[in-house]
Amino acid sequence: MTDASDIRQGDWVDRLLPDGWRPYARLARLDRPIGTWLLYLPCLWGLALGWQANRLPVAEMLWLVALFGVGALVMRGAGCTVNDLFDRDLDRRVARTATRPIASGAITPRQALLFLAAQLVVGLAILLQLNRFSWAVGVAVLVLVFVYPLAKRVTDWPQAVLGLTFNWGALLGYAAVTGTLEPPAMITYAAGFFWTLGYDTIYAHQDKEDDAIVGVRSSALALGERTKPALVAFYAVTVALLGVAAWTAGLGPLSYAGLVAVAGHFAWQIRTVDIDDPQRCLAVFKANRDAGLIVALAFVLHW
């Protein structure tokens with residue numbers, strides 16, 4: 001069983017924030033930005049592909065990039081709040097999660113619900129800055145946000161539900177620029193789904209001992225020693241779909257060079273990850289920020 005808490009003491013949250021703010025910052029995972037990155041990156045993919053289809057002024061695109069950045073931060077926090085509300089009893093039984101704000105009692109469920117409402121209001125305010133077609137696309141993802149925390153109780157593949165949720169930004173970003181949803185966006189969304197199956201399976205291997213103890217299901221437990229062949233399949237499909245998305249969007253050779261670089265990055269992940277070493281799993285999981293940035297760059301620099 002994991003002994004260490006997943007909350008680091010003495011970091012910037014403890015140093016810079018007032019005492020009353022710290023539990024809320026921890027609840028929103030502001031101290032762990034990788035989740036925000038992984039939510040934001042598909043948004044950048046959708047924005048980049050949308051820009052290839054509808055060349056908005058650069059200033060307007062930069063405004064959208066900033067809006068989606070704030071939106072990813074807020075909605076990731078909302079998702080974590082929902083997750084910790086559902087999981088508070090499970091979290092108390094695991095040393096790694098027992099110090100989380102709701103599980104430890106630093107934030108009551110009622111306070112967490114008020115915080116969730118505040119985050120959703122901010123998210124709505126951001127959504128209303130977009131075109132009307134985007135409103136429907138943005139609201140639709142809320143169903144997945146509330147379903148995901150329950151998935152690990154009923155399926156060995158909660159990572160699939162996370163993939164459907166975390167990559168919604170590919171659709172929303174494209175819609176925000178074009179006012180439509182077209183094949184490049186939908187194919188990119190599918191690519192992100194398989195990408196998430198890969199990186200979140202790696203992440204889940206950190207927790208497999210605790211998950212087995214408390215009865216939580218995951219792809220890491222389901223795959224076991226078959227994880228690396230599965231990662232090969234997940235990441236190969238990811239790259240193939242990204243290539244199809246680039247082709248349907250009419251992107252040029254430089255985009256494909258970027259996707260070759262992403263394929264190399266995925267190969268490095270598979271070669272170096274040790275599914276029995278939680279620290280190595282965490283490091284490889286976090287490296288997916290760089291993989292996602294390479295994809296975004298490939299979609300922008302498309303010559």
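Residues in region 40-55 include none that are farther than 22 Å from ILE294 by Cα, of a type outside the set (D, E, K, R) and open to solvent by less than 50 Å² (accessible area, probe 1.4 Å). In region 275-297, the residue that is farthest from ARG32 (Cα to Cα) out of those that are among the hydrophobic types (A, V, I, L, M, F, W, C) and open to solvent by 60 Å² or more (accessible area, probe 1.4 Å) is LEU297.
For region 210-221, filtering for residues that are of a type in the set (Gly, Ala, Ser) and buried (at least 17 other Cβ atoms within 10 Å of the Cβ) leaves 3. I'd like the full set of residues that are touching a residue at least 12 places away in the same chain (Cβ under 8 Å) and either open to solvent by less than 60 Å² (accessible area, probe 1.4 Å) or in contact with a Ser or Thr (Cβ under 9 Å, 6 or more places away or on another chain) (or both), limited to region 222-235. Residues satisfying the conditions are ALA222, LEU223, THR227, ALA230, LEU231, PHE234, TYR235.
What about ALA246, is it open to solvent by less than 20 Å² (accessible area, probe 1.4 Å) and more than 24 Å from GLY35 (Cβ to Cβ)? Taking the combined requirement at face value, the residue satisfies it.
Just so you know, in region 134-150 the residues that are under 13 Å from ASN83 (Cα atoms) and β-branched (Val, Ile, Thr) include one that is most open to solvent (accessible area, probe 1.4 Å), and it is VAL147.
Within the option set VAL260, VAL300, being buried (at least 17 other Cβ atoms within 10 Å of the Cβ) and in contact with a helix residue (DSSP H, G or I) (Cβ under 9 Å, 6 or more places away or on another chain) holds for one residue only, VAL300.
LEU197 satisfies every condition listed in (1) surrounded by fewer than 20 Cβ atoms within 10 Å (Cβ to Cβ); (2) within 12 Å of the chain's Cα centre (by Cα) except (1).
In this structure, is THR272 more than 21 Å from the chain's Cα centre (by Cα), surrounded by fewer than 20 Cβ atoms within 10 Å (Cβ to Cβ) and free of Cβ contacts under 8 Å to residues at least 40 places away in the same chain? The answer is yes for THR272.
Can you find even one residue in region 110-120 that is modelled with pLDDT of 95 or more, over 30 Å from LEU181 (Cα atoms) and of a type in the set (Phe, Trp, Tyr)? Checked against the condition, which is being modelled with pLDDT of 95 or more, over 30 Å from LEU181 (Cα atoms) and of a type in the set (Phe, Trp, Tyr), region 110-120 yields at least one hit. Among the residues of region 127-145, at least one is out of contact with any helix residue (DSSP H, G or I) (no Cβ under 6 Å at 6 or more places or on another chain) and within 23 Å of ARG26 (Cα to Cα).
The values are calculated or read from the model by the stated rules, or taken from the named source; none is laboratory data. In this text, all values refer to a predicted model and were calculated from it rather than measured experimentally. No Cβ is skipped: glycine too gets one built from the backbone with ideal geometry, and neighbour counts run over all protein chains shown. Surface accessibility is based on the protein's heavy atoms, side chains included, excluding ligands, DNA and RNA. Shrake-Rupley method; radii C 1.70, N 1.55, O 1.52, S 1.80 Å.
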